[in-house]
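Here is the structure we will look at.
Taken together, the values in this text are just the output of simple stated rules run on the coordinates, not laboratory data. Keep in mind the model is a prediction, meaning the values are calculated, not measured. Heads up, the Cβs are rebuilt from the backbone with ideal geometry, glycines too, and the neighbour counts pull from every protein chain shown.
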Amino acid sequence: MCNAMVIRGALRAGALALSLVPALALAHPADASAAGFFAGFLHPWTGLDHAAAMLAAGLWLRRMHPRSAPALLAATAIGILGGVLLGVYGGVLNDAELMVALSATVCGLFAALAGRARLPLAVTLVAVFCVLHGYVHAVETPRQLSQIAFTCGFIVAMLTLQLIGVLIAAALARHAFAQRASAIGCAIAGLVVLVG
C-alpha cells in the first residue's frame, strides 16, 4: 500500500512538472531588469532544463559514496563559473541550449541506471554540463555591473536544487523504484525541453 502511494505521488509530481514545460522552458529572463543576486537565484527555478538537471545530479549524488559529495558540489560551482566566464568573454558554444536540456536527460539516466559511477567520470560529467549551464546563463543575461552578484545567486540556486535532489533521494531511500522513477522523470523533462 505504501509503495503504491509513493508511486502515485511520484507520477502526479511528474505529470505536474510536464504540464508546466511550455511556460518553464521559455521563462529565462533576458531583459535589462534582471540584475543582482536575487534575480540570479530565481533564474534556475524558472527554467525546467536547469531545475531538472540539478535535481537529477542531486539524485545521482545520493547514490554515490558520501565522500564524493564535496567533489561533485565543487564541480557544479566551478563548472558554472567557467561557463559564465566563457560566455562573458566571448566564447562560442554551438547548440549550448540543447546541450543544457540534454544534461538533464543524461544526469537523470545516470541517477536511475548507473548508481555509483567512478568519481572522476561523475565529476567530469557534472563539470562539463555545468559549464554549459553557466554559459547559457551568461549569454542570456544583459551585460551589467551586477554580473558577479547575478552569477553568485545562480550558483547558490543550482547548488540548492542539487541538495534538494539529495534530500528527495534520501526520503525515498527505502523505495528504490521511486528513486529511479524520480530520476527518470528528470530525464524525461530534459527530453521534453529538448524536443520542445
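Below is a table of values for the structure above.
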item	result
Förster-model FRET efficiency, 25 Å R0, residue 45 and residue 167, C-beta, rounded to 0.05	0.95
Using θ = phi - 60° and Karplus 6.51 cos²θ - 1.76 cosθ + 1.60, couplings along the stretch 86-98 (whole Hz; Gly, Pro as x)	4, x, 5, 9, x, x, 10, 10, 5, 6, 4, 4, 5
Burial order of peptide ranges 182-192, 93-103, 148-158 (average beta-carbon count within 10 Å, highest first)	182-192, 148-158, 93-103
Extended-chain gain in nm, criterion 0.36 nm per residue less alpha-carbon gap, residue 140 and residue 176	9.2 nm
Karplus-derived HN-Hα couplings along the stretch 164-172 (A = 6.51, B = -1.76, C = 1.60, θ = phi - 60°), whole Hz, x at Gly and Pro	5, x, 4, 5, 4, 4, 5, 5, 9
Using a Förster distance of 41 Å, the FRET efficiency for residue 88-residue 118 (Cβ separation, nearest 0.05)	0.80
Highest to lowest packing among 105-111, 170-176, scored as the average C-beta count within 10 Å	105-111, 170-176
